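Beneath this line is the structure, given in structure tokens, with notes to follow.
The values are calculated or read from the model by the stated rules, or taken from the named source; none is laboratory data. Computed from a predicted structure; not experimentally measured. Cβ: placed from backbone, ideal geometry, glycine included. Neighbour counts: every protein chain shown. All accessible areas refer to the heavy atoms of the entire protein, side chains included, with ligands and DNA or RNA removed. Shrake-Rupley method; radii C 1.70, N 1.55, O 1.52, S 1.80 Å.
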Amino acid sequence: MKLEEEISVIIDKEKFEDDTKWDGLKGYLSNSKLYKNELFENYQYLW
């Protein structure tokens with residue numbers, strides 16, 4: 001990448017603050033027939 005001329009970077013504070021509501025949230029989506037406890041237990045073996 002080559003940047004030319006003056007570059008201006010601005011942080012959108014509203015989006016930054018809005019993004020914090022997802023901090024620590026973890027979800028699982030699967031088409032497996034496993035029960036949820038089995039799914040959670042086996043998830044650690046995925047690469």
Subject >> Debye log10 I(q)/I(0) at q = 0.25, 0.34 Å⁻¹ for the chain, Cα point scatterers >> reply: -0.96, -1.24
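Under a Cβ-only charge scheme (Lys and Arg +1, Asp and Glu -1), can you give me the dipole magnitude of the chain about the Cα centre, in debye to the nearest 20? Don't skip to the end; give the middle numbers.
Working: 7 positive and 11 negative charges, 103 e Å.
So the dipole magnitude of the chain works out to roughly 500 debye.
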**OP:** State the percentage of accessible surface on the chain attributable to carbon and sulfur atoms; use a 1.4 Å probe and exclude ligands, DNA and RNA.
**Re:** 53 percent
Subject >> Positive-pole candidate from ASN37, TRP22, LEU3, dipole of the chain, charges at beta carbon >> reply: ASN37
Subject >> Karplus 3J(HN,Hα) series, Hz, for the range 14-19 with 6.51 cos²θ - 1.76 cosθ + 1.60 (x for Gly, Pro) >> reply: 5, 5, 4, 5, 5, 5
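Just the number please: accessible area per residue for the chain, 1.4 Å probe, all protein chains included, in Å².
Numbers: 5670 Å² over 47 residues.
Dividing the accessible area of the chain by its residue count gives 121 Å².
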